[in-house]
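Input: one structure, supplied below.
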Amino acid sequence: MACSPHTAAPEDLHPSLWRASQLAHSNARCVDTGHPTLSRQLPGGGWPTGTLIDLLLQQPGIGEMRLLRPALAAAASRRIVLLQPPHPPQALALAALGVPPSQLIWLRAGRGADALWAAEQVLRSGSCGALLFWTNHVRGESLRRLHLAAQCGETLFFMMRPLASAQDSSPAPLRLSLRPAAGGLDIGFVKRRGPQRDAPLFLPLTPSLLQRHATVDRPVFAPASARGLQPELVN
Amino acid sequence: MPQLALEVFSPNWSTDAGCVVLEQERVLAASPLARAAGVQIGMRRGGVLMLMPEARIVERSLEREAEALHAVAMALLQYTPQVAQAEESTLLIDIGASLRLFGGIRALCRRVRASLRALGFSGYLSCAPTARGAWLLARKRAGRVLRIASLTRRLDRMPSALLPPARAYAAWFEGIGCFDLGAMQRLPRPGLQRRCGRALLDMLDAAYGMSPELFEWIEAPTVFHAKIELFDRIENAEECLQGAQRLVQQLTGWLCAHQLAVERITLLLEHERGKVARPATKVEIALAEPTWRDEHLIRLLKERLAQVVLEAPVIGLALDAPQLQPMAPLNESLFPEPGGSEEDRVRMLELLIARLGPDNVLQALPQADYRPEVANTWVPVQQKVRESVRCAQMPADVHSLPRPTWILAKPIALLMRNHRPFYGSPLKMASTPERIEAGWWSQTQTRDYFIAEGQDHTLYWVYRERIVGASEDANPRWFLHGLFG
């Protein structure tokens, strides 16, 4: 009775059922991550929109924006809100990542409550393509509230939190930990709708840093004085 | 509005302090707290004081009631341009033409009721095909009637003393056994007119829809100014919001009546005049886009009032609309966009600005400058920036320019260990340098920027300060300036 060959597989019965060894098929609309190796590991094959996605960073500036680059570029038809980034964002660098400066909004909040309020307002209005929210301390009920607010719309919502908060519970259906590695990022799957994966996934990130400048002579020359140059050097 | 005499002194959002209204030394109305203490209609002042010594006893003020009625009429102008005052603190509104716009009679009644509540009054709402019929139903609290046949049936059962001109003859009507309007309708008309006058007959005909009715519709004044006096001294700015809501309701009605939209509103919080006269605190709200709806104004006021610190208790509120524009209704698209409209976004930004402050909601405005700090300029979102200007400032090779995502507000001087810069771990240069030498006109920068890699493979943007003219073996000074996100 238990396992007759005629019984339909649970994953065919209902979209929200899956086996523990499989990845869930997500009902939510997903935005492609742009990294095929990562997309294969995520339920739904991309970043889900309208949910809270927890990214746990070892420290800011380890390649998290390069990881999100394809998704942000796809969402850049609407505004992208940076809420409480760790340092002032550089518009030119973001433009190089594919987000035009006209679509960027940088919100600074004095108090934690203001930041949470602002995040909720942005999510509820649903008129922004993506919200990136950096915070260090946030309580479980605030996270749940933000997760609910995210479900009102189709905004991509990433929360960037320190690695230490991996210990705390979170209502986010997708939680990834990011650590720098040589030439890319080590992505750990703290929580996902799918099988447990202990080994981190190494994702090579092309550094957007090209060796485009010629080598500069190391010693510093004294500034050229007038008529001090030899004529053959001028040509 | 049966409670008007009371509610002009204690609106339903204020805390009940046992308010009792007297008319000719008799209790006319009493608040729930006073009634719970045993105060009844018709009592004398002494009786009230005995039952409830702390009661706030006020004399009925017809002037205030008229003002309040006018305020309500003003707010109701948002539902229809035709609002008229009737006897016994009643307002008549003609909603025949508004039903479709507001989504049917039930939805409209709900909204009118909500407006009344926001104004601080409680009222009873009735609808009928004739205005006098609706008036009678409202006086008797008899609900809604939509067809003339059912109205006739309902009116037939109304007590005859409900019509004001019939009250003087109530005993006579009772004597001849004419208890309800149906019986009155069946009395011979010439006799009724001779005994009771023409007014009764006219009113009866109007109620049954047999003669047309004429009203003096209320006209909205040409300039908007509304104020209310608060009856308690309010010490917390957030508590003013209830009063402000009432003013905003009036403003909405006035704007709809004049087909205007507001660009700027000023809320004045008037303080108690003690020994020194204090100027009123001014809360000014400028809108990026003119609006005539109350929800957005109230949300903005709420955030702004939360920030106001009161130096003295507030005793009055006044609202002005100094900057107006003709109303431009929205273009509704047939297939709404999933991401919300442009207006939604503007509204969200205004709300964020109201709470976080204009300097904390920023947009990028890159400058054409080699110095990274200068190039990375952010300006308040309110500042209007033309797209072409922004594009003109962008470098042509933006996609191959090595710039870090996060730029430190202030470069950090790095320690040196073994002739290498050190930040958490020794840094290894991972790129060829990029020389930036600019700003001789203000702040000269002579720097060689490198991309450095720490031992944990994090990439940093560091620079070496070049001191022109320094000897070759001078210790180079290294700074951390950015992080590659």
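Read-outs: derived from the displayed coordinates by stated rules, not from any lab. These numbers come from a predicted model, not from an experiment. Cβ: placed from backbone, ideal geometry, glycine included. Neighbour counts: every protein chain shown.
Listing B:378, B:217, B:441, B:254 from the residue with the fewest other Cβ atoms within 10 Å to the one with the most, what is the order?
Ascending number of Cβ neighbours within 10 Å: B:441, B:217, B:378, B:254.
Helix B:62-76 sits at what angle to the longest principal axis of chain B, using alpha carbons and giving 0 to 90 degrees rounded to 10?
Helix B:62-76 sits at roughly 60 degrees to that axis.
Relative to the longest principal axis of chain B, what angle (0 to 90°, nearest 10) does the C-alpha long axis of helix B:342-356 take?
The two axes meet at around 80 degrees.
Let me ask another. Which whole number gives the average count of other chain Cβ atoms within 10 Å of the Cβ atoms across peptide B:373-379?
The shielding value for this peptide is 3.
Note down the net charge around residue B:118, summing +1 for each Lys or Arg and -1 for each Asp or Glu among other residues with Cβ under 12 Å from its Cβ.
Around residue B:118, the charge tally is +2.
What's the center-to-center distance, using Cα atoms, between the range B:235-282 and the range A:25-49 in Å?
Computed from Cα coordinates, the inter-centre distance equals 50 Å.
Another question, then. Can you give the calculated 222 nm mean residue ellipticity of chain B, where each DSSP H run of n ≥ 4 adds -39,500 (n - 2.57) and the sum is split over every residue, rounded to the nearest 500 deg cm²/dmol?
-9500 deg cm²/dmol
If each residue's Cβ is checked for other Cβ atoms within 10 Å, how do B:172, A:18, B:478, B:406 rank with the fewest at the top?
Ascending Cβ contact count within 10 Å gives the list B:172, A:18, B:406, B:478.
Could you tell me the convex hull volume per residue, in Å³, taken over the Cα atoms of the range A:47-194?
Details: hull volume 15.7 nm³, N = 148.
Convex hull volume per residue, Cα atoms: 106 Å³.
Which net charge results for the neighbourhood of residue A:166, defined as the other residues with beta-carbon distances under 12 angstrom from its beta-carbon, given Lys and Arg at +1 and Asp and Glu at -1?
+2
Where both residues lie in chain B, what percent of DSSP beta bridges are antiparallel, nearest 5? Before the final figure, lay out the partial values.
Numbers: 65 of 70 bridges.
The antiparallel fraction comes to roughly 95 percent.
Moving on. Give me the Å³ per residue figure for the convex hull around the C-alpha atoms of the range B:106-262.
Cα-based convex hull of the range B:106-262, divided per residue, equals 166 Å³.
Calculated FRET efficiency, residue B:50 and residue B:180, Cβ-Cβ r, R0 30 Å, to nearest 0.05?
0.15
How well do other chains shield peptide A:61-70, expressed as the mean number of their Cβ atoms within 10 Å of each residue Cβ?
4
For the protein assembly as shown, what is the per residue volume of the convex hull drawn over the alpha-carbon atoms, in cubic angstrom?
290
How charged is the neighbourhood of residue B:308? Take every other residue with its Cβ under 15 Å from the Cβ of residue B:308, and add Lys/Arg as +1 and Asp/Glu as -1.
Every neighbour counted, the sum reads -2.
Nearest 5 percent is fine: what portion of the DSSP beta bridges confined to the protein assembly as shown is antiparallel? Don't jump to the answer; show the numbers that get you there.
Details: 82 of 112 bridges.
For the protein assembly as shown, the DSSP antiparallel bridge percentage is about 75.
I've got another one for you. Considering amide H positions built from the backbone, and no H for Pro or chain starts, which residues 5 or more places from residue B:29, or on another chain, come under 5 Å of its amide H?
Under 5 Å from the amide H of residue B:29: B:21.
Give the average over all directions of the projected area of the C-alpha convex hull of chain B, one decimal, in nm².
The Cα convex hull of chain B, projected and averaged over all directions, gives 37.7 nm².
Next question. Would you mind checking the tilt of helix B:240-258 against the longest principal axis of the Cα atoms of chain B, expressed as 0 to 90 degrees and rounded to 10?
The two axes meet at around 80 degrees.
Next question. Restricting the count to DSSP beta bridges whose residues both fall in the range A:67-210, what percent are antiparallel, rounded to a multiple of 5? Present the calculation step by step, with values, prior to reporting the outcome.
Values: 11 of 25 bridges.
Taking every DSSP beta bridge within the range A:67-210, about 45 percent pair in antiparallel fashion.
Hey, got the average number of other protein chain Cβ atoms within 10 angstrom for residues in A:78-86?
Taking the mean over all residues of the peptide, I get 3.
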